[in-house]
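Colleague: Below is a structure I'd like to ask you about.
The values are calculated or read from the model by the stated rules, or taken from the named source; none is laboratory data. What you see is a predicted model, and the numbers here were worked out from it, not measured in a lab. For neighbour counting, all protein chains shown are included, and Cβ atoms are generated from backbone atoms with ideal geometry for every residue, glycine included.
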Amino acid sequence: MSNAAPTREVAQRVFAREFNDASYTFKESDDERAPLYLLLPTGARANRVFFVGTLTEKNDVGEDNEYWQGRIVDPTGTFFVYAGQYQPEAATALREIEPPAYVAVAGKPRTYETDDGSINVSIRPESITEVDVGIRDRWVVETAERTIDRLKTFDDEANEYASMAREHYDLPVENYRQAVATALESLDEIEAEDDGIEA
Amino acid sequence: MSDLRNHAEAIAEQFSEHLGVSAEEVEDRLATLVEEYKIPADEARRSVTNHYLDQAGLEREDISGGGGNRQVQLAEVDAADEWVDVEAKLVDLWEPRSDSIDQVGLLGDPSGTLKFTKWATSDLPTLSEGVSYRFENVVTDEYEGRYSVKLNRTTGITELDEEIEVGDDAIEVDGALVDIQRGSGLIKRCPEEGCTRVLQNGRCAEHGEVDGEFDLRIKGVLDDGLVVQEVIFDKESTEELTGIELEEAKQMAMDALDTTVVADEMRTETLGRYYRVSGPKYGRYVLADEVEELGGPTDPEATLIRARSI
């Protein structure tokens, strides 16, 4: 790994339900600049995520400087994003976009320990842009596909991140299969087809 | 520039590695044959070339040009400064970026496609899109891992009767546009002949401070959650992608006294959307010839069935 040229990390697709269950972070080399990964409960490492949801609330929680918190909701839960002076583009977007609005976010997972000792996970956004509902729906289906891919290989013996997930999380992955079904069932396209059958 | 001078320079160039012969000297020799002895220019050229071959103790194959080149497939071109012959169809003509370029575009053969450049000073016939040609004596070139061929005034061009089939080396990628990298938006390129490097603070890495020419470009990253693919959108595909045309971009930059507003606007318009892009791959990049924005999901029902079947 350390000999390879630095390559851009892929942006994982993960629903809020699963993302918020994650808490364990790790590096794969001793290099100070080695990427930091969040371990996803379905057995994958995430240095970057991409998601699309509804910005429902935003608050400038900074004291001296602007520091924006945004709540971005997908069909399974809520992503929390934080953008301050070191994420100027994302901070500007949060300042300007009026909720409710569909937004697409690329960013890095961050964990922090709360006062009661539990680990919370949030996203430090690299970009936030306003998009339309078609893109949100495409993301839901894409994220469902990627999550199913991870679930299908979770029991493979050679799946090192799945073993790592078993070791660090005591969570039944069936939860995430249900989250996938819930997310898909929430789409208008699916409802429309069900209506068609009933009629 | 006279024809004789052109031939003379070409011959001098061919022998530049073997004899210290000047273009003037060659021209004198040619002039004697053509003007005094009324020999046709082609024949004079052959005769003078043979004279210098004798002088240098070389065979015709030993010198660049002269018809002894290796004929190559376009996809075989993998080094710069080689003299080769190719047979190819002109698949696409592009807008020359500078007056020094007469024609620029894409050649194709069964192995793939390759950029070509024809200089205004080369004095060659005008090439037409869709026509197949044999090119003798073209020089290969490389820039940032991308290869091309340059036509020059010694290049022989013959139109072919049979049409050359063009292999498709374009690849198709799709995904969300998750990043637009530095060096995107309204940029300035070096105006020096054949350079086109992007200027940094008004400076070209090769030619120093120059008066650059405006262009549009996006270096973007498509990500489908499994792999990332860097993509370069040229002026045309950037305009198509963003709906912002070069003139409008210049106006935006002028109004704001800042060129970065253009890239900012492009980010707002495109980041987070899904695209399908196809084009040839050069080094790490796919060059976007075709761009399609992807809308809503096509078959969510199939995914739901998959989810329920685990």
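For every residue, the table says whether it meets (1) in a strand (DSSP E or B); (2) surrounded by fewer than 20 Cβ atoms within 10 Å (Cβ to Cβ); (3) out of contact with any Phe, Trp or Tyr (no Cβ under 6 Å at 6 or more places or on another chain); (4) away from every other protein chain (no Cβ under 14 Å).
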site: B:PRO191; (1), (2), (3), (4): no, yes, yes, yes
site: B:CYS195; (1), (2), (3), (4): no, yes, yes, yes
site: B:GLU206; (1), (2), (3), (4): no, yes, yes, yes
site: B:LEU222; (1), (2), (3), (4): yes, no, yes, no
site: B:GLU230; (1), (2), (3), (4): yes, yes, no, no
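Colleague: Name every residue in segment B:208-220 that is in contact with a Lys or Arg (Cβ under 9 Å, 6 or more places away or on another chain) and either aliphatic (A, V, I, L, M) or within 14 Å of another protein chain (Cβ to nearest Cβ) (or both), in order of residue number.
Modeller: Listed by number, the residues that qualify are B:VAL210, B:LEU216, B:LYS219.
Colleague: Give me the residue from segment A:77-103 that is small (Gly, Ala, Ser) and not in a loop (DSSP other than H, G, I, E, B) and, out of that set, farthest from the other protein chains (Cβ to nearest Cβ).
Modeller: Selected residue: A:GLY77.
Colleague: Still on this structure, I have one more. For A:GLU126, which of the numbered conditions (1) in a helix (DSSP H, G or I); (2) at pLDDT 95 or above fails to hold?
Modeller: For A:GLU126, the failing item is (1).
Colleague: B:LEU199: of a type in the set (A, V, I, L, M, F, W, C) and within 20 Å of the chain's Cα centre (by Cα), yes or no?
Modeller: The answer is yes for B:LEU199.
Colleague: If you scan segment A:162-191, which residues turn out to be more than 10 Å from chain B (Cβ to nearest Cβ), more than 17 Å from the chain's Cα centre (by Cα) and part of a helix (DSSP H, G or I)?
Modeller: Once the filter is applied, which keeps residues that are more than 10 Å from chain B (Cβ to nearest Cβ), more than 17 Å from the chain's Cα centre (by Cα) and part of a helix (DSSP H, G or I), segment A:162-191 yields A:ALA162, A:SER163, A:MET164, A:ARG166, A:GLU167, A:HIS168, A:GLU191.
Colleague: What number of residues within segment B:39-67 are among the aliphatic types (A, V, I, L, M), modelled with pLDDT under 80 and under 12 Å from B:HIS7 (Cα atoms)?
Modeller: Of the residues in segment B:39-67, 1 are among the aliphatic types (A, V, I, L, M), modelled with pLDDT under 80 and under 12 Å from B:HIS7 (Cα atoms).
Colleague: In the list A:SER23, A:SER29, which residue meets the criterion of being more than 14 Å from chain B (Cβ to nearest Cβ) and under 23 Å from A:ALA179 (Cα atoms)?
Modeller: A:SER23
Colleague: Let me ask something else. Go through segment B:131-145 and give me each residue that's in a strand (DSSP E or B) and surrounded by fewer than 16 Cβ atoms within 10 Å (Cβ to Cβ).
Modeller: The answer is B:ARG134, B:GLU142, B:TYR143.
Colleague: Among the candidates B:THR238, B:THR259, B:THR270, single out the residue that is closer than 23 Å to A:THR92 by Cβ, crowded, with 16+ Cβ neighbours inside 10 Å and at pLDDT below 95.
Modeller: Result: B:THR259 is the single residue among B:THR238, B:THR259, B:THR270 that is closer than 23 Å to A:THR92 by Cβ, crowded, with 16+ Cβ neighbours inside 10 Å and at pLDDT below 95.
Colleague: Within segment A:133-161, can you find the residues that are touching a Lys or Arg at 6+ places or on another chain (Cβ under 9 Å), charged (D, E, K, R) and away from every other protein chain (no Cβ under 13 Å)?
Modeller: none
Results for (1) farther than 20 Å from A:PHE50 by Cα; (2) charged (D, E, K, R); (3) without any contact (Cβ under 8 Å) to a residue 60 or more places away in the chain, shown as yes or no for each residue.
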residue: A:ILE123; (1), (2), (3): no, no, no
residue: A:GLU130; (1), (2), (3): no, yes, yes
residue: A:ILE148; (1), (2), (3): no, no, yes
residue: A:GLU160; (1), (2), (3): yes, yes, yes
